[in-house]
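J.: Sharing a structure with you now.
The values are calculated or read from the model by the stated rules, or taken from the named source; none is laboratory data. Note that the structure is predicted; figures quoted are calculated from it, not measured. Cβ placement follows ideal geometry from the backbone for every residue including glycine, while neighbour counts extend to all protein chains displayed.
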Amino acid sequence: MKRIAVLGSTGSIGTQTLEIVRNNEDLQVTALAAGTRVDVMEAQIREFHPLLAAMWDPGAARELRLRVSDLPVKVLCGMEGLLEIAGMPQAEVLVTAVVGMIGIRPTLEAIRSGKDIALANKETLVCAGHIIMPLAERCGVSILPVDSEHSAIFQSLNGEPKERVSKILLTASGGPFRGMSRRELEKVQVEDALRHPNWSMGRKITVDSSTLVNKGLEVMEARWLFGTELDRIQVVVHPQSIIHSMVEYVDGAVIAQLGMPDMKLPIQYALFYPDRRPMAGKRVDFFELGSMTFERPDPETFYGLKLAYRAAKKGGNLPTVYNAANERAVGLFLERKISYLQIPELIEGAMDRIPFVENPDVEQILKTERAVYEELAGYM
């Protein structure tokens, strides 16, 4: 029996993780955490019977506590709740599917307590990879990627020595605006940005995919996950989203992981690694597919990707500035307070103005996040 705790259980990755639990009797849920969705959390508690549950919002935690008072579950609140779940001895794996930098401290706590991490929270490595990866190595725990592209790289690297890797080829669908000019992007509305051609995801990550900021975050994450130099990570636009990423080796061989666009595959692979389990779902039909195409990204039109390489190259707290500014800018766009093209503009402005910290600790990372939010407060 493998026991797991899930942070972000009511979101897209969290609910798909619980689908996998339903189909595998040797998985047991010991804890669940979410933000504000009390109805969904109550249903999850009644189905999976965790020992602990946490809500980020205090009001939601109070309501949940009343609703499940007939069950033997302890309901927690806020960061203290996430940290208690992260450190609980009854779980072997922590699935980090929360959005934002609130995932950093629980991940650190889980690593210190000896848990493997099924990582679906990009911000953890983007902002604190220089802290997370050395700690995981010292504690002897595994960081298992849940993101489809990083899982594909992980699978393509399996069993090969790192020094034999020539290049990581990180694929991108190109999003709904692939091939458009900046003039055409001036007309983009919220509804347009939320129509991803291949994937069903949360609102923020769907917008991030359309701007290629999501791919920029993945570049930064891949750098830490796989210990690869930045100039060896190349983004390749692959509109069909069948090849999820590739690894090129020093002899010229390229190994790729292919499959239908389905997040349950990388989630299940992370939970059962190195085993592969049967999973229902549509398979790739190459005759139906017919062909696959590849393009270079357009870093001038979608210059959020270009800014990501700049942030990653300088390092320090600049990736945190990039991430926090994007998080706030996307929120403003979804609230219709800024235009679509202002998203990368706000990111670049914050990167230019927020004071640089060369080797930030966790408190300095969180302080940088607050400084970015203050910088963009005038747009609220």
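J.: Among the residues of the range 63-89, what is the count of those that are free of Cβ contacts under 8 Å to residues at least 24 places away in the same chain and among the hydrophobic types (A, V, I, L, M, F, W, C)?
T.: Going through the range 63-89 one residue at a time, the tally reaches 3.
J.: Let me ask another. Consider only pairs whose beta carbons are under 7 Å apart and that are at least six residues apart or on different chains; among these, list those whose first residue lies in the range 337-356 and is over 17 Å from M180 (Cβ atoms) and whose second residue is of a type in the set (S, T, N, Q) and part of a helix (DSSP H, G or I).
T.: I347/N326; I354/T368
J.: Just to be sure, is A34 among the small types (G, A, S), closer than 23 Å to L271 by Cβ and without any contact (Cβ under 8 Å) to a residue 12 or more places away in the chain?
T.: So A34 does not fit the description; no.
J.: Does L305 qualify as being modelled with pLDDT of 95 or more and within 25 Å of F177 (Cα to Cα)?
T.: yes
J.: Okay, next question. Report yes if T301 is among the hydroxyl-bearing types (S, T, Y), closer than 24 Å to S151 by Cβ and in contact (Cβ under 8 Å) with a residue 24 or more places away in the chain, otherwise no.
T.: Taking the combined requirement at face value, the residue does not satisfy it.
J.: Moving to a separate point now. May I ask you to verify whether D275 is assigned to a loop (DSSP other than H, G, I, E, B), under 30 Å from L27 (Cβ atoms), acidic (D, E) and within 18 Å of the chain's Cα centre (by Cα)?
T.: no
Residue-by-condition table, conditions (1) touching an Asp or Glu at 6+ places or on another chain (Cβ under 6 Å); (2) at pLDDT below 95:
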residue: V73; (1), (2): no, no
residue: V93; (1), (2): yes, no
residue: M101; (1), (2): yes, yes
residue: A110; (1), (2): no, no
residue: I117; (1), (2): no, no
residue: R138; (1), (2): no, no
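J.: Within the range 10-19, restricting attention to residues that are touching a Lys or Arg at 6+ places or on another chain (Cβ under 9 Å) and crowded, with 19+ Cβ neighbours inside 10 Å, which residue is nearest to T206 (Cα to Cα)?
T.: This residue is G11.
J.: Consider only pairs whose beta carbons are under 6 Å apart and that are at least six residues apart or on different chains; among these, list those whose first residue lies in the range 169-187 and is free of Cβ contacts under 8 Å to residues at least 40 places away in the same chain and under 29 Å from T228 (Cα atoms) and whose second residue is in a helix (DSSP H, G or I) and small (G, A, S).
T.: Taking only residues 6 or more apart or on different chains, the pairs are G175/S209; G175/S210.
J.: Filter the range 207-258 down to the residues that are of a type in the set (A, V, I, L, M), within 23 Å of G129 (Cα to Cα) and in contact with a Lys or Arg (Cβ under 7 Å, 6 or more places away or on another chain) and list them by number.
T.: Passing the criteria: L217, L230, I233, V235.
J.: Here's a follow-up. Mind listing whichever residues of the range 278-314 are outside any loop (DSSP other than H, G, I, E, B) and not aliphatic (A, V, I, L, M)?
T.: Within the range 278-314, F286, F287, E288, E295, G304, K306, Y309, R310, K313, K314 qualify.
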